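Shown next, in structure tokens, is the structure this report addresses.
The values are calculated or read from the model by the stated rules, or taken from the named source; none is laboratory data. Note that the structure is predicted; figures quoted are calculated from it, not measured. Cβ: placed from backbone, ideal geometry, glycine included. Neighbour counts: every protein chain shown. Calculation scope for accessible area: heavy atoms of the full protein, side chains included, ligands and nucleic acids excluded. Shrake-Rupley method; radii C 1.70, N 1.55, O 1.52, S 1.80 Å.
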Amino acid sequence: MQQYILRRFLLAIVTLIGVSLMVFAIIRMVPGDVVVTMAAESGNVRPEIIERMRRELGLDKSILEQYGIWVSRLVTLDLGTSIISNRPIGEELLQRIPITLELAILSTVLAVLLAIPLGVISATRQDTWLDYAGRLFAIGGLSAPDFWIATMLLLFMSLWLHWIPPLGYIRPTEDLGAHLVQFAFPAAILGVRLSATSMRMMRSTLLEVLREDYIRTAWAKGLRERAIIYRHALKNSMIPVVTILGQQLSRQLGGTVVIETIFGLPGVGRMTLDAITLRDYPVIQANVMFLAAVLVLMNLIVDLSYGFFDPRIRFN
Amino acid sequence: MRKHRVLVFLVAVVAVVGLACSSPQPAASPQAGGGGAAIDPLAPSTAIATNVPGGAKKLWDASNGDFKAFLNGLSRSPHCDPSVDPKRGGVFIVMGTNNPPHFDPGYTLAGGAYSFIMPAHNKLVRPATGCETNDYIKFQVKPDLAESWEMSSDAKTWTFKLRKGVKWHNLPPVNGREFEASDVKFTIEYYQKGTEQRGTFLQVERIEVPDKYTVVMHLSRANPLFLEDLASPAVMLAREVAEKEGDFKKTIIGTGPFMLKSFRSSEGGEFVRHPDYFAKDDKGRQLPYLDGHKIILVNDQAATIAAFRTGQIHNVPAPVDAIPDLLRSNPDIIMQATPGIQVSTNSWAMNHWSSGSPFADVRVRRAISMAIDRKTICEALFKGVCMYATAFPWPYIYDRGLTLEELGPWYEFNPKEAKRLMAEAGYTNGFKTDFNFYQYAITGRQVHEAASQMVKDNIGVEMVFNPKDYSVYHTEYVTRKFPGMTVAWIQGSTTSFDEWFYEAQHSKGTKNLFVVNDPQVDRLADELRMQTDIKKMQEIARKEVDRLKDIMFQIGLVEIGIQFQIYQPTVRQCHGRAIGTSGCVGYGGTGLQQVWLDK
């Protein structure tokens with residue numbers, strides 16, 4: 001197990017180096033010059049001003065030199081400073097990560113609480129109205145875009161209830177109740193969507209497992225349905241579901257831009273989008289590296305969890 | 001062509017139904033017979049005041065669903081009753097859509113940044129706002145940090161006497177010291193080194209500070225309108241901030257009515273009143289009336305409207321189509337209007353300087369303009385209440401916006417003549433061209449799409465839409481590297497006469513984004529800078545505009561004819577101006593000092 005983890009860690013470093021090269025190169029290939037964009041607001045882009053700004057921002061150095069400077073700071077966890085705002089990126093990211101993390105965790109927990117029971121019911125009551133209802137729920141959740149659900153929710157709540165959750169982030173230390181209410185709605189919208197995919201996976205893998213010989217044996221032995229499902233079948237169905245949930249959680253941690261925008265939550269997603277719009281290279285690079293690190297870590301956690309669900313899996 | 005006929009037919013049906021249901025228009029409006037923009041800039045067309053709670057709903061009911069009559073009837077000013085004492089207290093909450101990149105006015109003119117900069121700062125002079133004026137079109141200068149001023153006879157030397165006892169915010173590193181003349185010198189010199197205000201202040205050759213409260217500015221040219229330049233977003237800055245941090249990107253410290261208490265990127269910020277603020281109202285009462293101001297950053301229109309509906313914010317920039325629903329759900333809202341100024345992003349620039357460009361031929365430019373049926377677009381998209389954009393701010397030189405007829409022959413919808421011009425220019429079958437597009441607003445997209453379809457149908461010029469993101473669009477536009485045509489603007493937040501009529505139009509101008517290169521325009525712009533008499537300047541500027549309308553380096557389309565503001569029924573004395581502000585927030589944040597909440 002330890003060797004496995006060490007191997008994965010070394011692979012992670014290689015992965016992250018590859019990601020750093022890619023993000024550094026790709027963002028500079030995208031059309032749109034950050035310095036010109038900054039100067040462009042005045043409608044007046046004098047070459048001498050552009051040159052001075054490039055020098056001040058270190059963008060006049062060669063690409064390799066810029067990369068070297070950036071990576072050498074990155075290994076010491078110095079994420080640099082925003083070109084646009086001059087604020088330290090690390091501080092900004094540390095403020096935003098908890099918001100995105102909270103949203104991601106809440107939505108994932110809700111997804112699990114919905115997906116697993118619904119998937120189990122759907123599989124065990126296959127081709128009944130319960131199954132159809134569950135599948136309809138899943139199709140609806142997959143089809144309806146989350147921004148549409150969010151917009152409709154806000155519209156109808158404001159019209160019919162004359163109330164919407166407070167927009168604009170409220171810290172838990174300011175008002176815990178309002179904070180939880182504020183997160184409940186976006187988490188619910190995201191959770192419902194996430195649960196749709198997981199529920200379908202749960203249903204299909206459980207159906208497969210329920211057709212296995214050992215389950216038939218369990219029935220023949222006279223075990224109760226509850227014991228068969230929860231003690232034998234469910235655990236063996238969880239691996240694909242956990243894989244999907246892990247991927248979804250990773251993606252959530254990268255930030256759900258649309259939901260953050262609609263509900264005014266200043267998460268990592270919005271930060272990344274703003275940076276891309278303005279070509280704020282250091283922020284984009286830092287956020288992408290953060291997301292890459294999160295993905296690598298989540299994949300490792302998911303892989304290690306397989307051993308819990310299936311003791312036959314060995315990490316050597 | 002078939003699609004265009006269907007569009008025109010549908011719009012004609014809508015227009016006929018609308019006209020049949022409309023109430024009679026007042027006969028006195030000078031634009032009533034013109035091209036659809038039937039708005040008297042200064043007076044609403046009915047006696048129903050919409051600047052009081054419930055007034056807008058009454059007007060809507062009286063208008064029987066006729067948008068044109070409704071928009072024309074909106075009050076043009078806030079409700080001002082000198083017999084009512086303003087109430088103190090409360091926090092004025094608004095939603096901002098744009099995350100400020102930073103707070104340095106020397107390096108940004110972004111509206112999002114100025115939402116935070118303006119409430120905390122003062123300028124030497126400022127525009128009249130709120131209940132200080134009934135005329136929200138003409139620029140009226142009021143003393144701010146300067147209490148008086150003198151212009152020399154040649155309009156090249158300006159002497160300002162500053163108020164005594166004005167305090168900076170009591171925040172480190174400035175720590176509440178007194179504002180003085182050296183701060184003015186520092187600020188102007190800082191702007192001259194930056195990117196955004198440099199063009200405005202390069203005219204200042206030398207600044208003298210003979211004593212703590214006197215500033216003398218020597219200009220390189222005569223400028224009787226220098227006060228307008230100073231009333232632009234040129235807020236006064238504290239040198240200690242720059243000494244400590246190198247710039248003003250992170251810290252907001254001013255002399256203004258509100259102090260920034262907290263700010264978080266993409267979240268918003270909160271202000272508290274400045275306890276040592278210098279200004280008082282005309283009855284000697286301390287300003288501001290409010291305890292604070294809050295900006296929540298949410299970049300979603302539906303969420304913003306929902307927040308307004310449920311009372312979370314005090315004003316909302318809603319589109320025209322949202323008004324009926326808002327009036328149904330919130331019948332007590334206050335609505336006010338200021339006339340639109342015909343300056344918008346609803347215009348086109350053409351790359352006429354590249355070798356072989358068809359746009360180098362003035363006949364092609366005129367033909368494109370004449371192929372557009374602006375009246376139809378006006379009716380279809382703006383309910384008949386619109387301005388025809390020419391990219392010049394009419395309040396500087398006219399009493400009202402110009403009708404389509406008054407804009408000249410090239411604004412007339414005349415596809416036959418347009419085809420003839422194209423044939424003369426050698427493009428009988430039209431041509432294909434790239435069109436760089438950035439969506440500033442949904443209605444903007446609709447205008448561009450409708451107009452480009454008409455141009456294709458009528459003269460065969462096919463504009464291939466290339467949607468670009470903010471960075472690419474701005475870069476290509478400002479560096480003049482767009483391939484064919486582009487959505488166009490001239491820097492719009494400033495109030496400077498010189499910027500519009502010289503810098504943007506002279507072949508050597510620093511903001512000549514349309515690459516105007518015309519000897520007549522150059523001569524007129526040079527003449528403008530030699531004038532010391534404002535009336536003569538206006539005369540020359542009108543001639544310049546006439547010439548620009550003739551050579552058509554820029555094709556103006558259609559824009560909504562008024563800017564309207566919607567407030568909660570408790571809001572008092574918040575109002576925008578035709579140029580430079582919308583409401584008392586954003587660039588109009590100066591006006592926040594007079595706002596109060598009636599609750």
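Shown in residue order for the range B:532-545 are the 3J(HN,Hα) couplings computed by the Karplus curve 6.51 cos²θ - 1.76 cosθ + 1.60 at θ = phi - 60°: 10, 9, 5, 5, 5, 4, 5, 4, 5, 4, 5, 5, 4, 4 Hz (x for Gly and Pro). For the range B:189-242 and the range A:121-160, what is the centre-to-centre distance using only Cα atoms, to the nearest Å? Cα centres, the range B:189-242 to the range A:121-160: 61 Å. Working note: Cα gyration tensor of the range B:309-364, eigenvalues times five, square-rooted, sorted largest first, giving semi-axes of 44, 11, 10 Å. Less than 5 angstrom separates the built amide H of B:Leu124 from those of B:Leu145, all sequence-distant by 5 or more or on a different chain.
Which GluC sites (Glu not before Pro) from the range A:1-51 combine a DSSP loop assignment with at most 16 other Cβ atoms within 10 Å? Before the final figure, lay out each step's value.
On the way: sites: A:Glu41, A:Glu48, A:Glu51; in loops: A:Glu41.
For GluC sites (Glu not before Pro) across the range A:1-51 that sit outside H, G, I, E and B with at most 16 neighbouring Cβ atoms in 10 Å, the list is empty.
Note the buried accessible area between A and B here, summed over both chains, with a 1.4 Å probe, in Å² to the nearest 100.
Numbers: alone 17810 and 23430 Å², together 37280 Å².
Rounded to the nearest hundred, the buried surface is 4000 Å².
Any chance you could list the semi-axes, whole Å, largest first, of the equivalent ellipsoid that the Cα gyration tensor gives for the range B:171-251, using √(5λ)? Write down the numbers at each step before the final one.
Details: eigenvalues 102, 49, 21 Å².
Rounded to whole Å, the semi-axes are 23, 16, 10.
The calculated FRET efficiency for B:Asp550 paired with B:Gln140, based on their beta-carbon distance and R0 = 30 Å, is about 0.40.
Per-residue shielding of A:160-172, expressed as the average number of other chain Cβ atoms within 10 Å of the residue Cβ, stands at 5. Classify the range A:205-283 as rounded, prolate or oblate from the Cα gyration tensor: take a ≥ b ≥ c as the square roots of its eigenvalues, call it rounded if a/c is under 1.5, otherwise prolate when a/b beats b/c and oblate if not. Since a/c reaches 1.5 and a/b is larger than b/c, the shape of the range A:205-283 is classed as prolate. Which of rounded, prolate, oblate describes the protein assembly as shown, given a ≥ b ≥ c as roots of the alpha-carbon gyration tensor eigenvalues and a/c under 1.5 marking rounded, otherwise prolate only if a/b is larger than b/c? Here the protein assembly as shown falls in the prolate category.
Once you charge only the Cβ atoms, +1 for Lys and Arg and -1 for Asp and Glu, what is the size of the charge dipole of the protein assembly as shown about its Cα centre, to the nearest 20 debye? Walk me through the numbers before you get to the answer.
Details: 96 positive and 90 negative charges, 421 e Å.
Rounded to the nearest 20 debye, it is 2020 debye.
Working note: 222 nm ellipticity from helices only, DSSP H runs with n ≥ 4, each -39,500 (n - 2.57), summed and divided by the residues of chain B, gives -8500 deg cm²/dmol to the nearest 500.
Given q = 0.12, 0.17, 0.18 Å⁻¹, what are the Debye log10 I(q)/I(0) values for the range A:140-258, with equal point scatterers placed on the Cα positions and solvent ignored? With one equal scatterer per Cα and no solvent, log10 I(q)/I(0) is -0.64, -0.92, -0.97. Residues of the range B:244-274 that bury at least 40 Å² of accessible area when the other protein chains are present, relative to the chain alone (probe 1.4 Å, heavy atoms, ligands and nucleic acids excluded): B:Lys249, B:Lys250, B:Arg264, B:Ser265, B:Ser266, B:Glu267. Sorted largest first by accessible area at a 1.4 angstrom probe radius, with every protein chain in place, the residues B:Lys68, B:Lys212, B:Lys164 fall in the order B:Lys164, B:Lys212, B:Lys68. Averaging the Cα positions of each part gives two centres, and for the range A:1-44 and the range B:167-184 these lie 43 Å apart. For the range A:88-172, the Kirkwood radius over C-alpha pairs fed into Stokes-Einstein at 37 °C and 0.692 mPa s yields D = 205 µm² per second. Kirkwood radius and radius of gyration were both taken over the C-alpha atoms of the range B:239-307, and their ratio Rg/Rh is 1.08. Scoring A:242-253, B:130-141, B:280-291 by mean Cβ neighbours within 10 Å over their residues and listing the highest first yields A:242-253, B:130-141, B:280-291. Taking only the C-alpha atoms of chain B, the Rg (one decimal) and the largest Cα-Cα distance, Dmax (whole number), read 24.1, 73 Å.
All Cα-Cα distances of the range B:385-448, cut into 5 Å bins from zero to the largest, leave 3, 12, 15, 16, 19, 20, 11, 4, 0 percent in each bin in turn. Each of A:Leu265, A:Ile116, A:Ile229 was scored by the projection of its Cα onto the charge dipole of chain A, and the greatest displacement toward the positive side belongs to A:Ile229; charges sit on the C-beta of Lys, Arg, Asp and Glu. Among the listed pairs B:Lys249/B:Lys468; B:Lys161/B:Lys294; B:Lys142/B:Lys193; B:Lys138/B:Lys543; B:Lys432/B:Lys508, those with a Cα-Cα distance over 23 Å are B:Lys249/B:Lys468; B:Lys161/B:Lys294; B:Lys142/B:Lys193; B:Lys432/B:Lys508. Couplings 3J(HN,Hα) for the range B:217-229, derived from phi with the Karplus relation 6.51 cos²θ - 1.76 cosθ + 1.60 (θ = phi - 60°), are 10, 9, 9, 7, 8, 5, 8, x, 9, 4, 4, 5, 4 Hz, where x marks Gly and Pro. The alpha carbon centroids of the range B:496-571 and the range B:358-399 are separated by 15 Å. Within 10 Å of the Cβ of each residue in B:92-101, the mean number of Cβ atoms contributed by other protein chains is 3.
Would the range A:1-65 count as rounded, prolate or oblate if I go by the C-alpha gyration tensor, calling it rounded below 1.5 in a/c and otherwise prolate when a/b exceeds b/c, oblate otherwise? Because a/c hits 1.5 or more and a/b exceeds b/c, the range A:1-65 counts as prolate. DSSP finds beta bridges in the protein assembly as shown, and of those with both partners inside it, around 75 percent are antiparallel.
Let me check against my output: what whole-number percent is the relative contact order of chain B, with C-alpha pairs under 8 Å and at least 6 apart? Working shown, then result.
Working: 1281 pairs, mean separation 125.3, N = 599.
21 percent.
Each 10 Å bin from zero holds the following percent of Cα-Cα pairs in the range A:3-137: 9, 22, 24, 17, 15, 10, 4, 0.
Please report the antiparallel percentage of DSSP beta bridges with both residues in chain B, rounded to the nearest 5.
Here the antiparallel bridges make up roughly 75 percent for chain B.
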